Amino acid sequence: MSSTALNASWCPTTGMTCICTNEPLLTFEVGCFSKRCSLKENLFSTNLTRSACGIPEDNHANLTPALAGVLGMLALIMVILRLVQRVFLKKSFGWDDGMILMALICAVALNCMAFPLQKYGLGTNIWTIPFSNITRQLQYLYLSEVFYMPAEAFTQLSFLAFYQRILPRSKYQYVGYALGGITFIFGTSNTLVMILQCTPPSDFWRGWAGKVNGYCINTSAYSWYRAAMHIAMNLSIIAFPLWPLSKLSFSKRKKILVLLMLGTGVL
């Protein structure tokens, strides 16, 4: 098959310049004739061909740890300032403070995953990564998903607990309790799904090489479901305080300022 492609391309077998500038042939050669080779053979062939042809590789490996470091540090500073103000100045510690502290712990663990992920090739083309590093990268990605879900849920619960603390006692609090219950169930189920998405869990990081001994869920379908639920939950949490706040005996200017403050916090 390879010789047929070479003959059709008018390139000699040793003519690398001709082969590398012949797009149809290069497309045919890269990937080790994907229908005939294993994934590992495809990756090896792709890397070998691109290296021989001097094709530059994309490398964004520094982006993830840079973002995790900068944004994570900002979040850490803001949460610490909030807790210092609440505990030492207000002499108070509420459910919302506890929830945001738990979110911070999970977020710090999540952000720490960015550095080993970079070490094992995240942000680079997969065919340039040693096979053992792909497996290690997927192991850290698995841990990242497990930490992300509770961090997200605790953040949402912190907002709801904050609303419950500042809003006047009324029937709207029951709506807050309902949203809190749904958020807790959704966050817990997401975390469990991430832990048990493959049975055994090791199939998550071993399955890419075809070493699958059990079963993995359809993560694409689940991602669409989770995204739709997440959007609906966030919109509900954002909209929840609007009606009771509109009933407070504030001037219009103060109401707008309060809404802007809450909107900034949500963002």
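Computed from the coordinates by the stated procedures, all read-outs in this text should not be read as laboratory data. A quick note: this is a predicted structure, and the numbers were derived from the prediction, not measured. We place every Cβ from the backbone using ideal geometry, glycine too, and count neighbours over all the protein chains shown.
Quick notes
- Rough spin-label spacing in nm, given labels placed 7 Å along Cα→Cβ, for V193 and E41: 3.7 nm
- Residues of the range 110-143 falling in the label zone of N59, defined by backbone nitrogen less than 17 Å from a point 7 Å along Cα to beta-carbon, are 117-130.
- Using a Förster distance of 45 Å, the FRET efficiency for L235-I126 (Cβ separation, nearest 0.05): 0.80
- What the Cβ-Cβ distance of Q85 and V108 gives, at R0 = 30 Å and to the nearest 0.05, is a FRET efficiency of 0.90.
- For the range 63-266, the residue among V108, L245, Y163 whose Cα projects farthest onto the positive side of the dipole built from Cβ charges is L245.
- In a simple Cβ point-charge model (Lys, Arg +1; Asp, Glu -1; nothing else charged), the range 63-266 has a dipole of about 900 debye relative to its Cα centre.
- Looking at the range 211-254, the trypsin sites (Lys or Arg not before Pro) that sit in a DSSP loop and have at most 13 other Cβ atoms within 10 Å of their own Cβ are K211, K247.
- Around the Cα centre of the range 142-222, unit charges on the Cβ atoms of Lys, Arg, Asp and Glu (plus for the first two, minus for the last two) sum to a dipole of about 260 debye.
- For the range 105-176, applying the loop criterion from DSSP together with a ceiling of 15 other beta carbons within 10 Å to the trypsin sites (Lys or Arg not before Pro) yields R169, K171.
- For K171 and S223, the FRET efficiency from 1/(1 + (r/R0)^6), where r spans their Cβ atoms and R0 equals 41 Å, is about 0.70.
- If the segment from L242 to A52 were pulled out straight at 0.36 nm per residue, it would be longer than the present Cα-Cα gap by 62.3 nm.
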